[in-house]
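Here is the structure we will look at, set down as C-alpha cells.
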Amino acid sequence: MNYFIKIKNNKSGFTLIETIVTIFIFGILMLGTTLMLKDILTNSRQQSKGISNTDQARRIAANFVNEIRNCEYGVNGAYPINQADDTQIVFFSTAPDGNGTVSRVRYYMSNGILYKGITDPTGSPLSYNTNNEIITPIFSSLSLGTNPLFYYYDGNYDGSTNPLAQPVNINQIKFVKINLIVLKQDTLNSTNTTTINAGAAMRNLKTNLGN
C-alpha cells in the first residue's frame with residue numbers, strides 16, 4: 001500500500017504591507033533619533049560658544065583696563081583722553097605696543113560689533129595720521145541695547161558714584177569703565193546675556209584713586 005504523506009509548510013514571510021509598515025516605523029525612529037542628536041549637538045555648540053564669548057569678553061576688558069591705566073599725553077602733546085562718548089573712546093596709551101610707544105587707541109561699536117583702532121605716531125615731528133589707523137573687529141556678540149559701552153567718572157569715584165553725564169568734559173575724567181553685555185548663545189533669537197565690566201584709573205591723571 002502506498003502512503004502519501006502531505007507535508008504542510010507552515011513557514012511564512014512578511015507580507016508587502018507588513019514590510020512597508022516596518023520600514024515606516026523604523027524611519028520614524030531614525031528621524032526622531034537624528035533630531036534628538038542634532039539638538040544635543042546644537043545645544044552643546046551653543047553652550048561652548050557662550051563660554052567662549054564670555055572668556056573673550058574678559059580678555060578684551062582686561063586689555064582695555066591695562067591700556068586705560070597706562071593712558072598718557074600723546075607725543076604731539078594731546079590730552080590723554082581725546083574723545084569720550086557712550087559707544088566710542090579715543091585715548092593715548094603705551095600699552096598696545098608694549099615698547100614704550102604712545103599710540104592713539106580707539107574703541108568703538110558699529111552694528112553690534114566692537115572694533116579697536118591703533119594709530120602709531122609717524123613723521124617728524126611725530127604726529128598721529130588717522131589714515132594709518134589699523135582697525136580690527138574684536139568682538140561680535142554684544143547686546144548692549146540702550147546701555148552705554150563706556151562709563152566715565154571724576155576723581156571722586158568710590159565704586160558707587162554715578163558716572164559723568166554726556167556730553168562728558170574730558171578734563172574731568174579720572175576713571176573709565178568698559179561695559180560688555182555679552183550674548184550667551186549666538187542664535188538669532190537669543191536674549192540670554194551676561195555682563196562683563198571692568199575699569200581703571202588713569203595713573204597719570206588720578207588724584208585720590210587707587211590702582
Discussion item. Would you confirm, using the coordinates I've provided, whether TYR152 is modelled with pLDDT under 95 and in contact with a strand residue (DSSP E or B) (Cβ under 7 Å, 6 or more places away or on another chain)?
Written reply: no
Worksheet item: Would the range 158-175 turn up any residue that is farther than 20 Å from ILE113 by Cβ, assigned to a loop (DSSP other than H, G, I, E, B) and among the charged types (D, E, K, R)?
Response: yes
Worksheet entry | Of the criteria (1) over 22 Å from ALA201 (Cα atoms); (2) in contact (Cβ under 8 Å) with a residue 24 or more places away in the chain; (3) among the β-branched types (Val, Ile, Thr), which one THR119 fails | (2)
Response to the item:
Of those in the range 176-191 that are among the hydrophobic types (A, V, I, L, M, F, W, C) and outside any loop (DSSP other than H, G, I, E, B), the residue modelled with the lowest pLDDT is LEU183
Worksheet, complete the sentence: Condition set of a type in the set (Lys, Arg) and farther than 15 Å from LYS177 by Cα, scope the range 78-119, selection surrounded by the fewest Cβ atoms within 10 Å (Cβ to Cβ): answer is LYS116
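The values are calculated or read from the model by the stated rules, or taken from the named source; none is laboratory data. For clarity, every value in this text was computed on a predicted model and none was experimentally measured. Reconstructed Cβ throughout: ideal geometry from the backbone, glycine too, with neighbour counts over all protein chains shown.
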